[in-house]
Structures are given as C-alpha cells and as structure tokens.
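The values are calculated or read from the model by the stated rules, or taken from the named source; none is laboratory data. Because the structure is predicted, anything quoted here is derived from the model rather than measured. Here Cβ is always computed from backbone atoms with ideal geometry, including for glycine, and neighbour counts include all displayed protein chains.
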Amino acid sequence: MTNSSYNVVKYVISTSKELNDGYDLPVYGLANGTFYNLHVPALVCILLSLISAVSVISYSFYHQRISTFFEWTRSERFAVYMAICDGLFNISHFADHLHIVLTKSLPTPKVLCAFYGYLLAEFITAQNLLVSNVAINVFVLVYFRKKLNFGYRDYRLLCIIFLVPALVFTVVAASGQHGPNGSFCYFDGVTGQISNIIFTTILLCFILISNIILYVMSLVRIYKEAQAIKKSLGKSYKALEASHRAAKTMSLFVAAFLVQWWAMAMYGIWQWITDVPQLLFNFVTTFSNVGGILNGIVFIIIMRRKRVELGT
C-alpha cells in the first residue's frame, strides 16, 4: 500500500533530483500504464467495503432488540466498532483515490493530503488495536474463563483504540510526516519514511504475528476441551460450551483481520529486501481495502448464530 523506499532511492538516482517531500515523487503508474490498475480496483473495493460497513451499522441499530447499546453482547458491539473504523477509513481513502483518478495528480493543497493521511493512519491503527484487544480477550476467556474489563461503556477500550492513535498521529502530523507517497496520501514518501517503517512494517507485523499466535493457541485449547467434553460430560459442560461459543464468535474478527492485512505486512517486509513485485502490490490494493466486506461477513455469521441460539 505504500511506496517502497527502494523505489524512492532509485528515482533520486535516475533523475539526480533532490526530493523535499512526497510531491516531488512521480504519480504511481502514469509512466508505465498501470495507473488505473491501482486506483480502479481500489475504488471498487473501497466502495463495496463502505456499503457493507454502513449496512452493518444500520442493521445493528434497527434490528437490535435491546435498546441500550452497551448492553449488547461484546461480539455485537465489536461488529459496530469495526464497521465504524472501516467506514471512516473507506470515506477518507475513497476521497483520496478519487481525487488522484480525476486529476491524475497528487491531492493538493498539502494540508488536505496530510489530513487524508492522518485519518487513514488513525483508523487503520484503531482497527489493529481493536482486533488485538479481541484476540487477547478470546485468549483470556479460553484459558482463564474471564473477560477483559473494558470499563463503563467500554471507555477503556475506546480510549485505547481511538484516543491513543489520535494523540500519536497528531505528533506525526505536526512533524510533517503525513502526505503523498506517490500512490495516495498516508505517510509522506520522503519525509515520513521513519513513521512508515514503524507503523506500516514493524507495528503491523508485530500485531499480525501476535494475533496469529493468540488465535492458534485459543483454537487449540478450544479443540482440546471440546474433545474432552465429548468423552465426559461434567458439571462444567455448559460453562465451557458458553465460553467456547463466545470465543469462536470473537475469533472471527481476528480471522478477518489476518485476511485483510497479510499482504500489507508482507509488503512492508519485502520492500526492505528488494523491489516489490507488481502482483503483491495488487494484492495489497485489494485485500487492505475489503475490511468492511470481511467484517460484514463476520457480522452475518454472528447474526445467524444468534438466531439459532434464540430459536428464531
């Protein structure tokens, strides 16, 4: 999703031009005819993802039998939080890509592109932190039969996923590290390389690997306990079954997250080894922009399971 520093260096060498910021970079794809190959699939995926996110939020509130939001199950609340992250991510990213397609140039003025980049970083990071909290919650539920305390009206969770990134990226924005990278607005392709490494490569890879480990350990524990239950139905059967159901349901968000961001994490690592192949770049464009669709599928599964449990 981001321009490789390798390509930035290569561009400097080939043009002997000093780069001051991302606006000195060429617009990705204009020179080799791959311009629309990047932006058209991205716009389609983003639009479908946005429709899915809005549908999840609308359906959740319209069909919910419990009037108070914070009395909903955690899975239902997580679905709404995910949809909010996806929706706001999609709106800012769609405007960004559309501007580039219509003008065939990077968004101006600079403050507008920086604003797009700030929103993109905020809601990508918020979603990453939210899914990490889900993965930790599943792990604690399966291994210790406890639920994380998110505080009154989830204030602890909401502060972690929204307020902390907002403060961090305010500092990043103030230091001029948000801007165009040649493909869209995120971290500036010249002045924001350090932030790009930290948040797009190091942090994302750490979160991805941590979530995979927690996800696998939780599923293995669920499988072993399910096998033990089949052999001997003890008094703890109902409690175990309930915790297993909750853990499996919330684990779906982790699975969707892994599908959405695997290509971005691989891209972040690959770009520091050698030039990134076009196919992987296209994978990033596709997978990273379908979060709303993936989480919409998770939401449908949650609703179907809820109907089965209620016998409707």
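Give the residue that is farthest from Ile300 (Cα to Cα), with candidates limited to residues of region 42-58 that are free of Cβ contacts under 8 Å to residues at least 60 places away in the same chain and not small (Gly, Ala, Ser).
Leu43
Inspect all residues belonging to region 172-194 and state whether any of them is over 30 Å from Asp96 (Cα atoms), of a type outside the set (Lys, Arg) and assigned to a helix (DSSP H, G or I).
Just the residues of region 172-194 that are over 30 Å from Asp96 (Cα atoms), to begin with: none.
Scanning region 172-194 turns up no residue that is over 30 Å from Asp96 (Cα atoms), of a type outside the set (Lys, Arg) and assigned to a helix (DSSP H, G or I).
Read through the list (1) under 19 Å from Ser195 (Cα atoms); (2) modelled with pLDDT under 85; (3) surrounded by 17 or more Cβ atoms within 10 Å (Cβ to Cβ), then give the number of the only condition that Tyr6 fails.
Every condition holds for Tyr6 apart from (3).
Any idea which residue in region 124-150 is nearest to Arg221 (Cα to Cα), counting only those that are part of a loop (DSSP other than H, G, I, E, B) and among the hydrophobic types (A, V, I, L, M, F, W, C)?
This residue is Leu148.
Kindly indicate which of Asp86, Asp154, Asp96 is in a helix (DSSP H, G or I), in contact (Cβ under 8 Å) with a residue 24 or more places away in the chain and on the phi > 0 side of the Ramachandran plot. Break it down stepwise before answering.
On the way: Asp86 fails: on the phi > 0 side of the Ramachandran plot; Asp96 fails: on the phi > 0 side of the Ramachandran plot.
One residue alone meets the criteria, Asp154.
Here is a yes/no grid of residues against (1) at pLDDT below 95; (2) within 18 Å of Val190 (Cα to Cα); (3) of a type in the set (Val, Ile, Thr); (4) surrounded by fewer than 17 Cβ atoms within 10 Å (Cβ to Cβ):
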{"residue": "Ile100", "(1), (2), (3), (4)": "yes, no, yes, no"}
{"residue": "Tyr118", "(1), (2), (3), (4)": "no, yes, no, no"}
{"residue": "Leu129", "(1), (2), (3), (4)": "yes, no, no, no"}
{"residue": "Asn137", "(1), (2), (3), (4)": "yes, no, no, no"}
{"residue": "Lys146", "(1), (2), (3), (4)": "yes, no, no, yes"}
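Could you tell me which residue of region 22-49 is nearest to Lys104 (Cα to Cα), considering only residues that are assigned to a loop (DSSP other than H, G, I, E, B) and at pLDDT 90 or above?
Start the filter on region 22-49 by keeping residues that are assigned to a loop (DSSP other than H, G, I, E, B), which leaves 25-34.
Restricting the remaining residues to those that are at pLDDT 90 or above gives 25-27.
Details: Leu25: 13, Pro26: 11, Val27: 8 Å.
Of everything passing the filter in region 22-49, Val27 is nearest to Lys104 (Cα to Cα).
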